[in-house]
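Here's the structure we're looking at; comments come further down.
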Amino acid sequence: MYSQIKIGTGTSDTALFKSDATFFTIADGIVQHMFIEYLFGGEKFHEIVGEEDDSIVNILETPYTVDSLVVPEEFEELISSTLENVKALASKIDQTAYSDMTIFVDPIDGTREFATGKGDKVTILVGYNDAEGIPAAGIIYRPLTEPAQWASGSKREEFTDGVLDLAEEPNPKGVLITDGKVSPFIKSTIENSGMNMVPSLASGNRVLMLVEGKAGAYIRDTGGFCKWDTSGPQAVLEAYGGVMAKLPEFLDNKEMVSYTHLKTPLNLDFCKRSVGLTLSNARDKKMFIPGLDSIVTDVHLVKEYNCVQGLVALAPTKMETFYLNAIHSAMNNIKKESPPMYT
């Protein structure tokens with residue numbers, strides 16, 4: 001369905017510019033609606049959390065709508081047929097086997113990329129988390145490559161599957177960096193460890209890059225990503241032999257501690273006096289003042305699903321003790337001069 005829905009810009013009929021500077025598209029809302037209301041709906045799972053939970057979607061009566069957007073008539077047949085396929089797939093899911101699991105869904109990870117013609121970086125993310133909120137299984141799916149590329153897996157089930165775009169020349173010394181500003185902590189860590197920067201886009205795509213051998217690590221101290229960006233990818237990466245964890249515990253003693261992926265009104269990984277308030281993580285954006293460094297002491301001020309304790313993700317090739325020690329040592333060598341900025 002993604003490949004057939006027109007890609008728009010922030011002023012088109014098929015996309016709106018959201019207040020947090022990400023594009024919201026028709027496909028985004030409809031796909032999540034199909035996941036939550038039809039594929040995973042009912043009582044098959046304990047809870048379901050999606051990025052676009054606030055969207056109001058109508059795909060039962062024409063004209064179809066997503067919030068204030070009217071779906072172009074040319075897509076109505078496509079949406080109707082896709083919905084029937086989703087219903088058929090839903091009937092195959094066991095009604096009781098997963099009743100303690102919480103699902104996190106991101107219908108388009110890389111919404112900006114989807115809306116600006118960089119569809120090969122876009123992924124659909126689905127993560128299945130146990131009763132403690134730890135990722136147990138996941139799917140990362142690139143819908144707009146030809147052929148579609150994807151990885152799925154569960155470490156507990158000793159299962160992996162997928163169609164990958166493997167690196168022609170693996171780059172185990174590569175560290176994935178975002179398209180935004182690279183923090184002094186990340187820059188110094190890379191330089192101190194003798195590794196190299198690898199530009200990358202979108203959370204799910206970055207984890208696929210680790211699995212594909214295009215880099216050896218993905219490290220973040222600053223935020224801008226959420227638990228629907230980590231749930232499925234963490235499960236997939238760990239199934240393939242890698243790891244994903246919060247940064248502080250790794251920085252302190254190389255301990256790998258997962259984010260907690262459960263439905264909740266408050267951020268379960270908030271750490272008092274360590275998180276800086278930003279436009280991205282502020283529950284009320286009016287509380288954010290540009291140019292003012294604000295360290296948060298009240299969990300109610302930050303969004304419940306933002307990842308506010310950084311990230312360290314290591315590819316399977318970086319799991320040997322030597323590499324873990326080298327990355328950990330590089331971080332600790334520079335953290336006094338360039339401390340991590342958790343947001």
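The values are calculated or read from the model by the stated rules, or taken from the named source; none is laboratory data. Predicted model, so just to flag it, every value in this text is computed and none were measured. Cβ placement follows ideal geometry from the backbone for every residue including glycine, while neighbour counts extend to all protein chains displayed. All accessible areas refer to the heavy atoms of the entire protein, side chains included, with ligands and DNA or RNA removed. Shrake-Rupley method; radii C 1.70, N 1.55, O 1.52, S 1.80 Å.
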Restricting to bridges with both residues inside region 46-201, how much of the DSSP beta-bridge set is antiparallel, in percent to the nearest 5?
75 percent
Among Ser152, Ser258, Ser91: highest mean-square fluctuation, GNM of the chain, C-alpha pairs under 10 Å:
Ser91
Cross-link partners among aspartates and glutamates for Lys254, C-alpha distance below 14 Å, same-chain residues fewer than 8 apart left out?
Glu320
Cross-link partners of Lys272 among aspartates and glutamates (Cα-Cα below 19 Å; sequence separation of 8 or more within a chain):
Asp221, Glu249, Asp252, Asp284, Asp293, Asp298, Glu304
In the neighborhood of Ser274, defined by Cβ-to-Cβ distances under 14 Å, what is the net charge if each Lys or Arg adds +1 and each Asp or Glu adds -1?
-2
Across 5 Å bins beginning at 0, the whole-percent shares of Cα-Cα pair distances in region 26-94 come to 3, 17, 28, 23, 18, 8, 3, 0
Calculate what fraction, in whole %, of the accessible area of region 23-68 sits on carbon and sulfur atoms when a 1.4 Å probe is rolled over the protein chains.
45 percent
Restricting to lysines and to Cα separations under 18 Å from Lys92, and discarding same-chain partners fewer than 8 apart, the set is Lys44
I'd like the distance separating the alpha-carbon centroids of region 29-83 and region 257-290, in whole Å.
28 Å
Pick from Lys92, Lys227, Lys254 the residue whose mean-square fluctuation is largest in a GNM of the chain, springs joining Cα atoms under 10 Å.
Lys92
Heavy-atom accessible area per residue - region 28-165, 1.4 Å, Å²
49 Å²
Could you sort out which of Lys263/Lys285; Lys181/Lys246; Lys214/Lys303; Lys187/Lys263; Lys214/Lys285; Lys155/Lys263 sit more than 28 Å apart by Cα distance in this structure?
Lys214/Lys303; Lys187/Lys263; Lys214/Lys285
Charge-dipole axis of region 246-343 as Lys and Arg at +1 and Asp and Glu at -1 on Cβ define it, positive-most pick from Ser338, Ala282, Leu311
Ala282
Of the residues Ile295, Ile219, Ile36, which exhibits the maximal mean-square fluctuation in a Gaussian network model of the chain defined by a 10 Å Cα contact cut-off?
Ile295
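So, for region 194-289, what is the accessible surface per residue at a probe of 1.4 Å, expressed in square angstrom?
For region 194-289, the per-residue accessible area is 34 Å².
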